[in-house]
Amino acid sequence: MRKWQLLIAAVFLLAALFVPLFGLTDYTLQILFRVFLFAALGLAWNLVGGYAGQLSLGHAAYFGVGAYGLALFSKLGISPWAAVLLGVVLAMICAAMIGSVSFRLRGPYFALCTIAFAEVLRLVAKNLPNVTGGDVGVQVPLLFAHSPVRSFYWSVVLLTAFALGLSAWIERSRFGYYLMAIREDQDTALSVGVNAARCKLWALLISAAITGLGGALYASMFLFIVPDQVLPMEISTEIAIVAMLGGAGTLIGPLVGSVLLESAAEIFKNVFKEANLLIYGVLIIVVVLFMPEGIVGTFTRKLALFKKAPAVPFAAPVPATIEAESERAALNE
Amino acid sequence: MVNWFYIPLQGIINGLLTGALYALIGMGMALIFGVMRIVNFAHGAFLMMGMYATYVVFQATGVSPYYEFPLAGILLFFVGYATYMGLLRPIRGQVDFMVILLTMGLALVLTDGAQLVFGADYHQINIPLLSRNIHLGSQISINAPWLVSFAIAMALAGALYWVVTHTMFGRAARAIAQNPYAAPLMGINVNRVQAVAFGIGSAAAGISGALLLPVFYLFPEVGNQFKLKSFVMVVLGGMGSIQGAAIAGLVLGVVESLTSLYWGNEWALAVDFVLFILVLSLKPSGIFGSQRA
Amino acid sequence: MSLLEVKRVSKRFGGLKAINDVSFSVKPSEVTFIVGPNGAGKTTLFNLITSIFHVDSGSINFDGRDITHLTPNGAAQIGIGRTFQLVKPLRNLTVLENVMLGAFLRTSSRAKAEKEATKVLSFLQMEKVMHLPARGMGLPTLKRLEIARALATQPKLILLDEVVAGLPTSEAIKLAMLLKRLPEWGISTIGGIEHVMQVVMRVADRVIVLDHGTLIAEGVPQDVVHRPEVIEAYLGSKYKEIAL
């Protein structure tokens, strides 16, 4: 199943590289840029939110830090690509700080904490105009002088491919196993020696790096950024939505999610005009109600039902004592 | 010599007045979170709905929001109840995030819906009370509407607390909050109690919207900031504790007010979050909580 | 030469003194059972040894090192394995994958982890269910899964909390016979058990009796179960036939 996912995705991404050669308008390429940007961001989020099961609603922090890193370090005279690197490093440092506080919390508390950190960063960016330009904004250098729109498009397709490859590798490794164990039952994972804090942190560092890189690319394409563009909660939620609706914890879920949701959003804008967000909201509700494991998750589960039933039946043995019954009842929710 | 005392005092008083409203919003969220562990991202949208509903009735009848607020409460109770029964109950077993995602989708629908119906412009209303100020001595002045909303909010907060501690519903709700597996075994109709809790929590948001109408601008995204503040209150208050959230609301109001006074408005929200992060790092169970987060 | 030395350990939760000045030691390749009525403190003791809680006073030494203040994952890393009373399988993984989680502690290679997990599952006679999802398994399988996962971490000491509770007697005895072989693998076992004395009598080299957090008896099984203070602690007619 996994191999198929990887194959389909690889073919898709390869095909995507050829798309600009078909004479598409810059406008269309920009939409596709967004599709693949959020695919990459969703895949990065998936490491923490999907595999490790830690619902981060503050990924805009890393996106924004990457964006502002490029802008502000360039202003200091550093060459653009070096500034990108520094921005990514800065995003990872933020991740280390945010993670060290947030990962001590579980479930919804973790999510709320990530929201808080991202909001603080946004407000700091808004309220320190001498440093960040505040709401007026700051200029961002152009990373690709030669046919920029195509180059940005290719860069995010490559970023998506990288994120996908990384996810595939992590999924099969011990690290990936540990993340999934932490997601399923952190106490059990601890009891077999998993250093949960360290694993979660590493997942977040990698996730933040890719997200920061995405932020820098996005900022450079627009040549100008303001805090409410790269640091708002809307970006965090869009990233999370793309990954969750596509299928958190699956390999290509975020890619599928981004392709479908970003295209849908664009179509809705043209068809429904002012009502486009309302329809988008309805779409989210419908997907959650009918495909609660996400599109890819539900799909793989339905597909598995078509496989042959296992030889040994699932029937549980007759319990000899009431304790067994209650323990099993407790197990079965 | 007198200003170093009176200026912060005014700030604290203003903070308490705003804080009472925050407390009402926060208690609604705390009730929902406590009983269902749902972080309701549509809470702000419910506040917005209450605000628009009151606006419409005010425009039609001229009756002051301070008399109309029960309508907002009733409307949002049913909206909340229906939301739980229709949208949230079917996915109760799913992962936390999917539930949060659904409330996010709902918020989007409600907010964009409001924009379609009412437009994106800012509205405000004018009632005679707005120009009345009450003076305590020569240094402290209180804007009358805030005093009225303070009184109503505190009364409702008290009523909510009483319901939670003295009624069968309240006891059932607390039982579910403590042990969602044992509660149904005690004969509690979990779905109904949770739906009612969601309804009451949403009603609190709606009523807060009504109370906010005279003193705040009305626009589709108005609920956003209050949603974020209610998250902060729930955490500060600890583990979905209603009293905790109420006190957290007052604290938040005062902290914001003093921050605005000395550092400017723009830092008020930031300070909320810094406080939030500090409490989460030092005492994750909240200022008033006693269990692990 | 002791493997584990628990010295004058106490722990209180609020007003309740859960563990009161308990001291004992466990030798390598030995099977020890801690018995006591419900609430005696067996699980708390296990939690203290694996640093899920920290002691209020006293010390714990393992293999010569002081492990009084460790982390739960640290305990596993130095060679203390543990099962839980309420089984916690990773539901969405197969039985084999569950056990591989334990094996990954000692190797980062997936292939090696799979091999080690398979070996452990064979020892526990679970080959037939290896590739089935943990979700659908019955209690006896899940109990063995818990043990398998802990064994895969190659522990020197394994703590089994209520390992046979809820199992039909025949199952319990079968499992007990398997556990009796653990010392051959160089693993020392401490089992915590409430009342399934048939298992204890057959398998244990030593028995420690806890009552309300206090150690009230220690010794060879046949000897300990006859002591009046032990029988009194239980106050159950279940043990009359053993006492006579």
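Could you tell me the convex hull volume per residue, in Å³, taken over the Cα atoms of the range A:182-237?
Numbers: hull volume 5.1 nm³, N = 56.
Taking only Cα atoms, the range A:182-237 has a hull volume of 90 Å³ per residue.
Under 13 Å Cα-Cα from C:LYS11, which aspartates and glutamates qualify once same-chain neighbours fewer than 8 residues away are excluded?
C:ASP21, C:ASP56
Taking the Cβ of C:LYS11 as the centre, find all other residues whose Cβ is under 15 Å away and add up their charges (Lys, Arg: +1; Asp, Glu: -1). Let's see the in-between values first.
Working: positive: C:LYS7, C:ARG8, C:ARG12, C:LYS17, C:LYS42; negative: C:ASP21, C:ASP56.
After counting each charged neighbour, the total is +3.
Ranked by Cβ crowding within 10 angstrom, fewest neighbours first, how are A:SER56, A:SER155, C:SER10, A:SER220 ordered?
Working: A:SER56 31, A:SER155 22, C:SER10 16, A:SER220 25.
The order, fewest Cβ neighbours first, is C:SER10, A:SER155, A:SER220, A:SER56.
Quick check: from the Cα gyration tensor, does the range B:1-126 come out rounded (a/c under 1.5), prolate or oblate?
On the way: a/c = 2.29, a/b = 1.40, b/c = 1.63.
Cα axes put the range B:1-126 in the oblate bin.
Once you order the gyration tensor axes a ≥ b ≥ c over the Cα atoms, which shape class does the range A:2-259 get: rounded for a/c under 1.5, otherwise prolate or oblate by comparing a/b with b/c? Walk me through the intermediate numbers first.
Values: a/c = 2.04, a/b = 1.19, b/c = 1.72.
Taking the square roots of the gyration eigenvalues as a ≥ b ≥ c, the range A:2-259 is oblate.
Relative to the longest principal axis of chain B, what angle (0 to 90°, nearest 10) does the C-alpha long axis of helix B:268-282 take?
The two axes meet at around 50 degrees.
What is the gain in length, in nm to one decimal, between B:ALA151 and B:ALA182 on full extension, counting 0.36 nm per residue of separation less the C-alpha to C-alpha distance? Before the final figure, lay out the partial values.
Details: separation 31, 0.36 × 31 = 11.16 nm, distance 3.83 nm.
Here the segment from B:ALA151 to B:ALA182 would lengthen by 7.3 nm.
Can you put B:MET186, A:MET291 in order of Cβ neighbours within 10 angstrom, beginning with the fewest? Don't skip to the end; give the middle numbers.
Values: B:MET186 10, A:MET291 19.
Placing the least packed residue first, the sequence is B:MET186, A:MET291.
Checking the table C:LYS88/C:LYS180; C:LYS42/C:LYS128; A:LYS75/A:LYS269; C:LYS143/C:LYS180; C:LYS42/C:LYS88; A:LYS200/B:LYS283 against a 26 Å threshold on Cα-Cα, which pairs fail?
Details: C:LYS88/C:LYS180 24 Å; C:LYS42/C:LYS128 33 Å; A:LYS75/A:LYS269 36 Å; C:LYS143/C:LYS180 16 Å; C:LYS42/C:LYS88 18 Å; A:LYS200/B:LYS283 21 Å.
Check vs 26 Å cut-off fails for C:LYS42/C:LYS128; A:LYS75/A:LYS269.
Less than 15 Å apart at the alpha-carbon level, and either on another chain or at least 8 residues along: which aspartates and glutamates does that give for C:LYS115?
Of all the aspartates and glutamates, those that pass the test against C:LYS115 - Cα under 15 Å, at least 8 places apart if same chain - are C:GLU97, C:GLU127.
If I model the range C:43-86 as equal point scatterers sitting on the Cα atoms and use the Debye formula, what is log10 I(q)/I(0) at q = 0.29, 0.33 Å⁻¹?
Values returned for q = 0.29, 0.33 Å⁻¹ are -1.14, -1.37.
What percent do you get for the relative contact order of chain C when only Cα pairs under 8 Å and 6+ apart count?
Numbers: 487 pairs, mean separation 63.7, N = 244.
Dividing the mean separation by the residue count of chain C yields 26 percent.
Determine the calculated [θ] at 222 nm for chain A from helices alone, applying -39500 (n - 2.57) to every DSSP H run no shorter than 4 residues and normalising by the residue count; nearest 500 deg cm²/dmol.
Details: 16 runs with 246 residues, N = 333.
Calculated from helices alone, the mean residue ellipticity at 222 nm is -24500 deg cm²/dmol.
Explain nothing, just the number: dipole magnitude of the protein assembly as shown about its Cα centre with +1 on each Lys and Arg Cβ and -1 on each Asp and Glu Cβ, in debye rounded to the nearest 20. Please list the in-between numbers first.
Details: 62 positive and 49 negative charges, 331 e Å.
My answer is approximately 1600 debye.
How would you rank C:ARG227, A:ARG172, going from fewest to most other Cβ atoms within 10 Å of each one's own Cβ?
Details: C:ARG227 16, A:ARG172 11.
By the 10 Å Cβ count, ascending, the order reads A:ARG172, C:ARG227.
How big is the shadow of the Cα convex hull of the protein assembly as shown, averaged over all directions, in nm²?
Details: hull surface 166.1 nm².
Hull-based average projected area comes out at 41.5 nm².
Quick one: compute the contact order of the range A:2-259, relative version, from alpha carbon pairs under 8 angstrom and 6+ residues apart, as a percent. All intermediate terms of the calculation are to be shown ahead of the outcome.
On the way: 450 pairs, mean separation 101.9, N = 258.
Reported as a whole number, the value is 39 percent.
Let me check against my output: what whole-number percent is the relative contact order of the range A:149-260, with C-alpha pairs under 8 Å and at least 6 apart?
Relative CO of the range A:149-260 lands at 21 percent.
Which of the peptides B:6-12, A:276-282, B:197-203 is most tightly packed, and how do the rest follow, going by the mean number of other Cβ atoms within 10 Å of each residue? Write down the numbers at each step before the final one.
On the way: B:6-12: 15.9, A:276-282: 19.7, B:197-203: 28.0.
Per-residue Cβ counts within 10 Å, averaged per peptide and sorted highest first, yield B:197-203, A:276-282, B:6-12.
Report the FRET efficiency, 1/(1 + (r/R0)^6), for A:LEU142 and B:PHE5, where r is their Cβ-Cβ distance and R0 is 45 Å, rounded to 0.05. Provide the component values of the computation, followed by the final result.
Numbers: r = 56 Å, r/R0 = 1.25.
The value I calculate is 0.20.
Cα to Cα, under 19 Å, and not fewer than 8 places away if on the same chain: which aspartates and glutamates meet these conditions relative to B:LYS227?
A:GLU119, A:ASP228, A:GLU234, A:GLU238, B:ASP96, B:ASP112, B:GLU256, B:GLU266, B:ASP272
None of the figures in this text is laboratory data; all of them are computed from the coordinates on show. Bear in mind the structure is a predicted one, so any value in this text is a computation, not a measurement. Backbone-built Cβ (ideal geometry, glycine too); neighbour counts: all protein chains shown.
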